[in-house]
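Step one of this worksheet: look at the structure below.
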Amino acid sequence: MEKKILHVIEGREKHITETEVVRQPLPSMQFRFASPFIVLHHMPAKYYEPGAPAERLHPHPHRGFSPVTFMLQGQGYHRDNAGNAMTVTAGDVQWMFAGKGILHSEGPSEDFLRKGGNYELLQLWFNAPAARKGDDPYYQYVKGEDMPPVAQADGVQLTLVSGNYEGKTGPLQNFTPIIAVWGSIQAGKSATLKATPGYWTLLYVVDGQLTVNGTAVNGYHLVIFDKDDAGEDIQITCGETARILYLCAEPINEPVAAKDNYVMNTATEVDQAIADYKNGLFGTLEA
C-alpha cells in the first residue's frame, strides 16, 4: 500500500552568510520538525575557477545534535576542535556529533580550489536524544565505496548510508535508527522504496523531475510522508534523471528547542549553550 504524502515543500533560498545561499525545505512555514530530522540545507552547485580564493564558514559552535554532510560534487574540508581534520569528497558522507559542544569550520578544500570545478552538498541536522546531548563530541567519515547498493533495478543507482534496509546495514552509525539512502534514478526508470510504519519518512529531490505515489515533484522539493499512515510503499518514476535522498527514522518523541546552532530540549538549555559559547566554554579553533 502506498504511503500517504503530508507535504511537498519547496526549498526556499536562505542566506547562511552574506555570500552563501542554500535551499532550505526544513524547517519551513508549512512544517517545522520531523525529529530526528531538524534542518535540511541544499547548497546548490557553485562553479569555482581554478585558483579561486578560499571560501569558508569560519569557526562556529554546535551543541546537542549531529550535522551530517552528503557531498554531491567537489571536495570539502572540515576542521573541529575535537582534533578532526578531513577532506570530504563527492560521493562520501561525514557525520559530526556535536554533543556537549564543539567548534568547527568548513568549506572547499585547498586541492579542490586549486583545480576548480562544481561544489555542491546537502547538510542535515540529526537530533540526538536528551540522554546523549551531554556526551563528548566525535566524528565519522563514510566513503561511497563502503555503502551497499539497495533497491536495485535497471537505471537505479542507490546506496545505503545508514540503518538496516533489505537485510543490509549502512556504515554510518547513529544513536537512534535512521535509514538514509541516496543516489540517482535515470529518466524513464522506476524504483520502489519501503517505509517503516510509525517512522518519519522524507524524500528530498536534489534535481530532475519525478512522480512519487502519484504526485509530481521537481528538484529542490522535500516530500514529507504521513508518519501515522499504515502504507509502506514509496513508488518513484522519473520523467527526468533525478538525484534523491531518502530518509526514514524512528521519531525522537521529546521536546525540541532549536535556535541558532543549537538543538536542545528546552529554551533554557539553548540559552545556557549560547552563554557557554560566549564565555569561552566551547574552546577555540583557528580559522
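The values are calculated or read from the model by the stated rules, or taken from the named source; none is laboratory data. In this text the structure is predicted, and so the values were computed from the model without any measurement. So basically every Cβ, Gly included, is an ideal-geometry build from the backbone, and we count neighbours across all protein chains shown. The area values use the complete protein model at the heavy-atom level, side chains included, leaving out ligands, DNA and RNA. Shrake-Rupley method; radii C 1.70, N 1.55, O 1.52, S 1.80 Å.
Report the extension gain between K194 and K168 in nm, rounded to one decimal, defined as 0.36 nm multiplied by the number of residues separating them, less their alpha carbon distance.
On the way: separation 26, 0.36 × 26 = 9.36 nm, distance 1.35 nm.
Once the chain is fully extended between K194 and K168, it gains 8.0 nm.
Based on the Cβ-Cβ distance from K14 to Q209, what FRET efficiency comes out when R0 is 22 Å, to the nearest 0.05?
On the way: r = 23 Å, r/R0 = 1.06.
The value I calculate is 0.40.
Which is farthest toward the positive dipole end of the chain among G51, S184, I252, measuring Cα position about the Cα centre, with Cβ charges +1 (Lys, Arg) and -1 (Asp, Glu)?
I252
How high is the FRET efficiency between A153 and E2 when r is their beta carbon distance and R₀ equals 22 Å, given to the nearest 0.05? Could the numbers behind the result be given before it?
Details: r = 18 Å, r/R0 = 0.80.
Efficiency computed from Cβ-Cβ geometry: 0.80.
Summarise the accessible area of the stretch 5-279 (1.4 Å probe, protein heavy atoms) by the percent that is carbon and sulfur. Kindly include the intermediate steps, with their values, before the conclusion.
Values: 5460 of 11430 Å².
Looking at the stretch 5-279 in its full context, I get 48 percent from C and S.
In whole percent, what relative contact order does the stretch 5-279 give with Cα contacts below 8 Å and a gap of six or more residues? Provide the component values of the computation, followed by the final result.
Details: 724 pairs, mean separation 51.6, N = 275.
The normalised contact order for the stretch 5-279 reaches 19 percent.
As a check on your grasp of the helix formula, calculate [θ] at 222 nm for the chain: sum -39500 (n - 2.57) over DSSP H runs of n ≥ 4, divide by the residue count, round to the nearest 500. Could the numbers behind the result be given before it?
Values: 2 runs with 18 residues, N = 287.
My calculation for the chain gives -2000 deg cm²/dmol from helical runs alone.
With unit charges on the beta carbon (Lys/Arg positive, Asp/Glu negative), name the residue among V206, G219, L6 whose Cα is farthest towards the positive pole of the charge dipole of the chain.
L6
Based on the Cβ-Cβ distance of R32 and Q272, what FRET efficiency does E = 1/(1 + (r/R0)^6) give at R0 = 25 Å, to the nearest 0.05?
Numbers: r = 22 Å, r/R0 = 0.89.
With a Förster radius of 25 Å, E is 0.65.
How many percent of the alpha carbon pairs in the stretch 178-287 exceed a separation of 21 Å?
Numbers: 3127 of 5995 pairs.
Tail of P(r) above 21 Å: 52 percent of Cα pairs.
Could you size up the charge dipole of the chain around its Cα centre, putting +1 on the beta carbon of Lys and Arg and -1 on that of Asp and Glu, and report it in debye to the nearest 20?
Working: 23 positive and 33 negative charges, 26 e Å.
Charge dipole of the chain: 120 debye, to the nearest 20.
In square angstrom, what is the accessible area per residue of the stretch 152-230 with a 1.4 angstrom probe? Don't skip to the end; give the middle numbers.
On the way: 2980 Å² over 79 residues.
Normalised by residue count, the accessible surface of the stretch 152-230 is 38 Å².
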